[in-house]
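Single-structure report; data block below.
Every read-out reported here was derived from the displayed coordinates using simple, explicitly stated rules and does not represent laboratory data. Computed from a predicted model, the values in this text were never measured in an experiment. Note: ideal-geometry Cβ built from the backbone for every residue, glycine included; neighbour counts use all protein chains shown.
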Amino acid sequence: MTHVVIVGAGPAGLAAAEHALAAGADVTVLDQADVPGGQYHRGASHRFEALLSRCTWWPESTVWALEGKRVHVLRGPADGTNRRRHTLEPDALVLATGAHDRVLPFPGWQLPGVFTAGAAQALAKGERVAVGQRVLVAGAGPFLLPVAASLLDIGAGVRAVLEANPVRTVLSGWSWRAAAHVGKLNELVHYAGKLARHRVPYLLGRAVVEARGDDRVREAVTARVRADWSVVPGTERTYRVDALCVGHGFAGQPELAVAAGCVLDGGFVRVGLDQRTSVPGVFAAGEITGIGGAVAAAAEGAIAGWAAAGRTPGRALLERRDHARAFARRLAAAHPIGAAWPGWLREDTVVCRCEETTYGDLKSAAADPATPGPHALKLGTRAGLGPCQGRMCGAAVAELCGGAERHHRPIAQPIRLGELAEPKENP
Amino acid sequence: MSEPIAITVDGETVTGLAGQTVAGVLLAAGRLSWRRTRSGAPRGVFCGIGACFDCLLTVNGVADVRACRRRAADGDEIRTQSREEGA
């Protein structure tokens, strides 16, 4: 029987598991979390018990390296010691590792109390914790709406939701027919109604350009921005806040695909019609192939699971994915990142949060003829060399310095030296 | 997620609910930061899903644990940390 290993138990990975099973494969599903569902189905893990009872389900499993299709796994509590070490040798591998928020830097974004939109959502949905009582939600993209709704659901006060793109950009991408087609219209109406009932303004063409505070965020400075996100002088407004939630879209987590040797396009894994990557036997689905949301991720996962089990995906599966992807492309066009965002930065603005590399550091290094190329730039400024290995700053540093983002991280997930040295395999 | 648990943070008792992460317990208790960078700047949760490594702390003597990824267990002994200590 074909053994399919699926990394990631979010919408893409779970759909892959369901379809690989249906195609007759023996399926193993791994996830770092101790419950299935990923970021999207947070708090709804019970829905997947029946599906996972037919798979080998490994929660709390960190894949830290791949050699081709050979999967190196540590099992046990996150970042613990003495996790159990395993190696899997599947016939096919489906990578469904998802995405995290992308946040553009701005002065003060490193202050405690500034969260990604996804963090606010995770804490609200997963733990019933409100990040604050006077919260401003800002950035770009439709995800800001469910984040604000989740905050309202747990009793947090939301001051406003700010979308940086102007109304005409947003409307150019949203199509009611397409939204209705993929079932997104009800969601949108639900969120809009919730904001209206709580009298939370949704303002377009306005961005957070600075967070202020000493030991924590206390004020958020917003400004009107043009279509390219350049600040309109004199339009600044200061909100008193106890939390600020920011998201400018998402970045895929392609580390394992890179480790497997898969070819990327612009930071996303390149896949064929049946979600096949450039590496034989390795498939990719969901946000690592392009940001598209849960519906597109599940549609891709279904194809990946079916194909990984050795079957040819039918027209219905392919059409479902293509519709979802087309809608995702429209949404991306409706919520682009404006090219003039670096205008928010000052010389002393932290860009690399881990190493506290400033915009001034980066500019002078990029202008220095002695540091050509991303490698010398990293070594010279330490940008991207801290614990997160460029996950947070990589795209911004690349854009500010005129290079391409490097996604290669030799260890895809942190592993303790003792664990690396421990030769003993678990059966 | 309803059973109360108690952990200590730098020796001080903080209560939370079973099922919460260490980050969730600390935030619910009103603590916003528990790490200092090399420059001494305070940091806490940023990404909330294990990507940014801003929320590192020491759990039962083991340093550099992501507070947002680790489920809190009753009796956990948490210590805040600085970059120098964790290095």
Checklist entry - Each residue of the range A:83-98 in turn: what ³J(HN,Hα) in whole Hz from Karplus with 6.51, -1.76, 1.60 and θ = phi - 60°, glycine and Pro shown as x? => result 6, 7, 9, 9, 10, 10, 10, x, 6, 9, 10, 10, 9, 9, 8, x
Checklist entry - Whole-Hz Karplus ³J(HN,Hα) for the range A:23-35, in order, using 6.51 cos²θ - 1.76 cosθ + 1.60 and θ = phi - 60°, x for Gly and Pro? => result 8, x, 8, 8, 10, 10, 10, 10, 8, 5, 6, 8, 9
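If we count other beta carbons within 10 Å of each Cβ, what is the order of B:ARG35, A:ARG197, A:ARG84, fewest first? Can you show the working numbers first?
Working: B:ARG35 23, A:ARG197 9, A:ARG84 16.
Least to most surrounded, the residues fall as A:ARG197, A:ARG84, B:ARG35.
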Checklist entry - How far is it, in nm, from the label point at B:ASP10 to the one at B:ALA73 when both lie 7 Å from their Cα along the line to the Cβ? => result 2.5
Checklist entry - With a sphere of radius 11 Å drawn around the Cβ of A:LEU203, what net charge do the other residues whose Cβ falls strictly inside it have (Lys, Arg +1; Asp, Glu -1)? => result +3
Checklist outcome for this item: Ratio for the protein assembly as shown, C-alpha Rg to 2.2 N^0.38 Å, reads 0.93
Checklist outcome for this item: Between A:LEU264 and residues 5 or more places away or on another chain, the pairs with built amide H atoms under 5 Å apart involve A:ARG270
Item to check | 13 Å Cα-Cα reach of A:LYS69 towards aspartates and glutamates, excluding residues that sit fewer than 8 places from it in its own chain | outcome: A:GLU89, A:ASP91
Checklist entry - In straight Cα distance, which lysines are under 24 Å from A:LYS194, not counting same-chain residues fewer than 8 positions off? => result A:LYS125, A:LYS184
Checklist outcome for this item: Checking A:LEU318, A:LEU93, A:LEU417 against a Gaussian network model of chain A (alpha-carbon springs below 10 Å), the top fluctuating residue turns out to be A:LEU417
Checklist entry - When DSSP assigns beta bridges and you keep just the ones with both residues in the protein assembly as shown, what percent turn out antiparallel, to the nearest 5? => result 55
Next on the checklist: Run the reach check for A:LYS378 against lysines, Cα to Cα strictly under 30 Å, same-chain hits fewer than 8 apart removed. What comes back?
Outcome noted: A:LYS363
Checklist entry - Mind listing the phi-derived Karplus ³J(HN,Hα) values for the range A:63-75, rounded to whole Hz, using 6.51, -1.76 and 1.60 with θ = phi - 60°, and x for any glycine or proline? => result 7, 9, 7, 10, 10, x, 8, 6, 10, 9, 10, 10, 10
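Could you put A:VAL137, B:VAL62, B:VAL9, A:VAL217 in order, starting from the residue whose Cβ has the fewest other Cβ atoms within 10 Å? Let's see the in-between values first.
Numbers: A:VAL137 30, B:VAL62 16, B:VAL9 19, A:VAL217 24.
Sorted ascending by nearby Cβ count, the order is B:VAL62, B:VAL9, A:VAL217, A:VAL137.
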Item to check | Area projected by the alpha carbon convex hull of the range A:2-59, averaged over all directions, nm² | outcome: 3.3
Checklist outcome for this item: Semi-axes (Å, rounded, descending) of the ellipsoid equivalent to chain B per its C-alpha gyration tensor are 20, 13, 11
Item to check | Residues whose placed amide H lies under 5 Å from that of A:ARG218, excluding near-sequence neighbours | outcome: A:ARG212, A:GLY213
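Could you calculate the FRET efficiency of B:SER82 with A:LEU171 from 1/(1 + (r/R0)^6), where r is the beta carbon distance between them and R0 is 35 Å, rounded to 0.05? List each step's numbers first, then the result.
Values: r = 48 Å, r/R0 = 1.38.
Step by step, r from the Cβ atoms, then E = 0.10.
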Next on the checklist: I want to verify a result. In a Gaussian network model of chain A, Cα cutoff 10 Å, which of these has the top mean-square fluctuation: A:ASP31, A:ASP91, A:ASP215?
Outcome noted: A:ASP215
Item to check | Kirkwood-based shape ratio for the range A:98-206, expressed as Rg/Rh from alpha carbons | outcome: 0.96
Checklist outcome for this item: Mean-square fluctuation maximum in Gaussian network of chain B, Cα pairs under 10 Å, restricted to B:VAL25, B:VAL65, B:VAL45, hits B:VAL65
